[in-house]
Amino acid sequence: MGQPVGYMMYSSFSEYTMLPAKFAVPLPSLNPEYVSFMVSGLTAAIALDKVGEIKQGETVMVTAAAGGTGQFAVQWAKNAGCHVIGTCSTDDKVSFLKSIGCDRPINYKTESVKEVLKKEYPKGIDVVYESVGGEMFDVCLNSLAVKGRLVVIGYISGYDTSKGFTPSRIATLPQRLLPKSASVRSFFVPHYFGTDAQTYMQKLISLHQSGQMRTALDKGENYSKGPFVGLEAIFDAVEYLYTGKSIGKIVVELPTASQSKL
């Protein structure tokens, strides 16, 4: 009794729930920063290690780098000894990325990602952690180095569209990969729950406690419908996600009732 835990299952948007003990991940405390580790942190850490196979000295690019999972991908790659490029959409996000160790933030609203990569990284990118899709996916794919790996973990540019995704030029995918011995891979964190989640969760917590992994939380304080408090605010939080204005992980606070209903 009294042990703080986290979990990743359906019914997360609820005040009370029951789940098998094997799905409960012990946490050091009820710190909301640990919430962002459960999906976003694990996705970054496991995807880069197991699928991206990052190595010290490699160049790693993170798209949507100032977002919920991007912030962890940047720091995980830096802790692994990589040179990290991160894309974002505002100067405030550029400053944030610099504060967490990103070597080359790119504000795609003021700079051409394609031209920056072509000019500053002529040998290409070793690993891309890609969550935007559409045109950004195409730019990243064309910028891969020999034996480069592009890891798809999402395609947020198309989530809020009628199709749910933004089409890419995948018809020429074989011709674009073969000359470089490059590859496109994908990662979906539930497939790793039973093998790596517990181990990597403890690694993330350890890095956080030692000051090597920072967590930015965005409760919507600067949004017209924020801050996000209570179950009814979840819809506003999702809407805020699609504005592209958030920095870090968007969280909704569920206030503690003065008297438990259980």
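The values are calculated or read from the model by the stated rules, or taken from the named source; none is laboratory data. Just so we're clear, the structure is a prediction, and the values are computed from it rather than from any experiment. All Cβ positions, glycine included, derive from the backbone under ideal geometry; neighbour counts span all protein chains shown. Note: accessible area is taken over every heavy atom of the protein model, side chains too, but ligands, DNA and RNA are not part of it. Shrake-Rupley method; radii C 1.70, N 1.55, O 1.52, S 1.80 Å.
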Of the residues in the range 6-42, those that are surrounded by 13 or more Cβ atoms within 10 Å (Cβ to Cβ), in a strand (DSSP E or B) and of a type outside the set (Gly, Ala, Ser) number 1
Does the range 58-80 contain any residue that is touching an Asp or Glu at 6+ places or on another chain (Cβ under 9 Å), surrounded by fewer than 23 Cβ atoms within 10 Å (Cβ to Cβ) and more than 21 Å from Ile153 (Cβ to Cβ)? no
All but one of (1) outside any helix (DSSP H, G or I); (2) without any contact (Cβ under 8 Å) to a residue 40 or more places away in the chain; (3) not aliphatic (A, V, I, L, M) hold for Gln175; which doesn't? (1)
Filtered residue count, the range 177-211, keeping only those that are within 17 Å of the chain's Cα centre (by Cα) and either open to solvent by 80 Å² or more (accessible area, probe 1.4 Å) or hydroxyl-bearing (Ser, Thr, Tyr) (or both): 6
For the range 139-166, which residues satisfy the criterion of being over 17 Å from the mean Cα position of the chain (by Cα) and closer than 20 Å to Gly244 by Cα? Val139, Asp160, Thr161, Ser162, Lys163, Gly164, Phe165, Thr166
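If I filter the range 231-262 down to residues being of a type in the set (Lys, Arg) and touching a Ser or Thr at 6+ places or on another chain (Cβ under 9 Å), which single residue comes out as modelled with the lowest pLDDT?
Narrowing the range 231-262 to residues of a type in the set (Lys, Arg): 245, 249, 261.
Then keep just the ones that are touching a Ser or Thr at 6+ places or on another chain (Cβ under 9 Å); that gives 245, 249.
Values: Lys245: 91, Lys249: 94.
Ranking the qualifying residues of the range 231-262, first place goes to Lys245.
Out of the residues in the range 222-241 meeting the condition of being within 16 Å of Lys93 (Cβ to Cβ) and assigned to a loop (DSSP other than H, G, I, E, B), tell me which one is most open to solvent (accessible area, probe 1.4 Å).
Checked the range 222-241; the qualifying residue most open to solvent (accessible area, probe 1.4 Å) is Asn222.
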It is to be established whether one or more residues within the range 43-56 are of a type in the set (Ser, Thr, Tyr) and part of a loop (DSSP other than H, G, I, E, B). no
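Which residue out of Ser168, Ser112, Ser183, Ser143 is farther than 18 Å from Phe72 by Cβ, among the polar types (S, T, N, Q) and in contact (Cβ under 8 Å) with a residue 40 or more places away in the chain?
Values: Ser168 fails: in contact (Cβ under 8 Å) with a residue 40 or more places away in the chain; Ser112 fails: in contact (Cβ under 8 Å) with a residue 40 or more places away in the chain; Ser183 fails: in contact (Cβ under 8 Å) with a residue 40 or more places away in the chain.
It is Ser143.
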Among the residues of the range 166-176, are any open to solvent by less than 60 Å² (accessible area, probe 1.4 Å), in contact with a helix residue (DSSP H, G or I) (Cβ under 7 Å, 6 or more places away or on another chain), farther than 28 Å from Phe37 by Cα and of a type in the set (A, V, I, L, M, F, W, C)? no
Considering (1) of a type in the set (D, E, K, R); (2) surrounded by 23 or more Cβ atoms within 10 Å (Cβ to Cβ); (3) over 21 Å from Leu173 (Cα atoms), say which one Lys119 fails and leave the rest. (2)
Determine which single condition Val74 fails, assuming it passes every other condition in (1) over 18 Å from Leu97 (Cα atoms); (2) free of Cβ contacts under 8 Å to residues at least 60 places away in the same chain; (3) not in a loop (DSSP other than H, G, I, E, B). (1)
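Ile125: aliphatic (A, V, I, L, M) and either closer than 21 Å to Ser186 by Cβ or surrounded by fewer than 17 Cβ atoms within 10 Å (Cβ to Cβ) (or both), yes or no?
On the way: aliphatic (A, V, I, L, M): yes; either closer than 21 Å to Ser186 by Cβ or surrounded by fewer than 17 Cβ atoms within 10 Å (Cβ to Cβ) (or both): yes.
Answer is yes for this residue.
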